[in-house]
1. Can you bin region 267-358 into rounded, prolate or oblate? Criterion: square roots of the alpha carbon gyration tensor eigenvalues sorted a ≥ b ≥ c, rounded for a/c under 1.5, prolate for a/b above b/c, oblate for the rest.
2. Classify region 1-132 as rounded, prolate or oblate, taking a ≥ b ≥ c as the square roots of the eigenvalues of its Cα gyration tensor: rounded when a/c is under 1.5, otherwise prolate if a/b is larger than b/c and oblate if not.
3. Determine, for 327, 93, the number of other Cβ atoms within 10 Å of each Cβ, and report the residues in order from fewest to most.
4. Between residue 173 and residue 318, what is the FRET efficiency for a Förster distance of 41 Å, r being their Cβ-Cβ separation, to the nearest 0.05?
5. By how many degrees, between 0 and 90 and to the nearest 10, does the Cα long axis of helix 333-357 differ from the longest principal axis of the chain?
6. Taking only C-alpha pairs under 8 Å that are 6+ residues apart, what is the relative contact order of region 253-355 in percent?
7. Using DSSP, restrict attention to beta bridges with both residues in the chain and report what percent are antiparallel, rounded to the nearest 5.
8. What's the angle, to the nearest 10 degrees (0 to 90), between helix 17-28's Cα axis and the longest principal axis of the chain?
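Derivation of every value follows stated rules applied to the coordinates shown; laboratory data play no part. These figures come from a predicted structure and were not determined experimentally. All Cβ positions, even for glycine, are placed from backbone atoms using ideal geometry, and neighbour counts span all protein chains on display.
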C-alpha cells in the first residue's frame with residue numbers, strides 16, 4: 001500500500017533514450033517539470049539499458065546510436081566502453097534540460113483510478129496522472145527459451161544480459177544460441193579466446209547492402225502493421241537482416257558464422273540434435289533477445305487475443321491515456337526520438353481541456 005499520493009499531469013516511466021526524449025518534448029510543449037510531469041526510473045543512475053551493457057562493448061563499435069534531441073553526444077574516444085559514455089551523456093542531458101528524473105523508483109503497477117486518473121504505483125508512493133508515457137524498454141526482461149533437458153546441464157548457462165567479457169570463457173567450448181546482432185557480435189568476440197558453435201532456429205539472413213533510410217522505413221512499417229493488428233511487434237532486424245558491418249564480415253571470413261540448426265535437447269554435458277549427433281559444450285550463451293518490460297501494465301488488461309497490445313502510433317487503443325515509446329516500431333534510437341515527440345504532442349492535445357480549465 002502506497003504511503004502517499006501525488007497528483008501530476010503526466011508520468012514518464014523509464015529514463016533511457018525513450019523516456020528522456022519524451023520528457024524533453026513534454027518540457028518543450030509547456031509542461032512544467034516536477035509540478036506537472038515527472039520521470040520515474042528504476043535504476044540508481046543515468047544511462048538506461050546502456051549502463052548495463054558488457055564492458056567490452058566500445059562506443060566506436062556500437063551500431064546505430066543516435067543523439068538525443070537538442071544535445072549531441074560528441075564522444076571522440078571510440079575505445080571507451082559504451083556503458084560509460086552513454087551513461088555520462090544521459091546524465092549530462094538530464095542536467096542540461098533540468099528533467100525531473102526521480103530514482104530509484106521501481107513502478108510496480110499502473111491501474112485505472114478515480115475520474116480521469118491513472119495510478120502509477122511504486123512500493124511507497126503513488127502518482128495520480130492524467131496521462132502516462134511508458135518507456136521501460138526491454139533490457140530488464142531477457143527471454144530464455146525452454147528446451148528438454150535444460151535443467152540437467154552441468155555447465156554454465158547465461159543470457160546476453162548477464163554477459164561481461166569474453167575472457168571468462170577462455171579455453172572453453174561455448175555454444176551461442178540466437179540469430180540476432182548480439183549473437184553475431186558476441187560470437188566474434190568470444191571466438192578469439194574460445195571454441196564457439198553458433199546455433200539458430202532459422203537460417204540467419206545477412207543484409208548484403210547498406211542499411212538505407214528507405215529500408216529502415218520499410219522495416220518499421222512492417223513492425224507498425226503488426227502492433228496495429230494487436231500482434232507482438234517482432235524486431236526490426238527480423239525484417240532487415242543482419243547488418244553487413246566490418247565486424248560481421250571479419251567473423252564470416254574466419255568461419256565463426258557457420259550456423260548450425262537448432263538442437264533437439266540439452267544433455268548434462270552438451271547438445272543433442274534430432275539425428276543423434278551430440279556436441280559437448282561447457283557454456284550455453286542464450287542470445288535469444290528480450291521482451292517488452294510491460295508487466296506493471298497488466299492491471300490495465302491491454303493484451304489482445306494475438307498476444308500484443310493494439311497501437312495507433314504510440315497511443316494504446318484500449319487506453320488512450322497511455323502511450324508506449326520504445327515499443328514496436330519505435331524500438332530503435334532514432335525511432336524513439338520521433339516517438340517521444342509524437343507522444344508528447346498527443347498528450348498535450350489530450351490534456352488541453354483540463355489544462356485550460358485550471
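1. Values: a/c = 4.07, a/b = 2.86, b/c = 1.42.
Prolate shape, in that a/c is at least 1.5 and a/b is the bigger ratio.
2. prolate
3. Fewest-to-most Cβ neighbours within 10 Å comes out as 93, 327.
4. Between residue 173 and residue 318 the formula returns 0.30.
5. Helix 333-357 sits roughly 20 degrees off the main axis of the chain.
6. Relative contact order, region 253-355: 11 percent.
7. Bridges in the chain that DSSP calls antiparallel: roughly 40 percent.
8. Tilt of helix 17-28: around 20 degrees.
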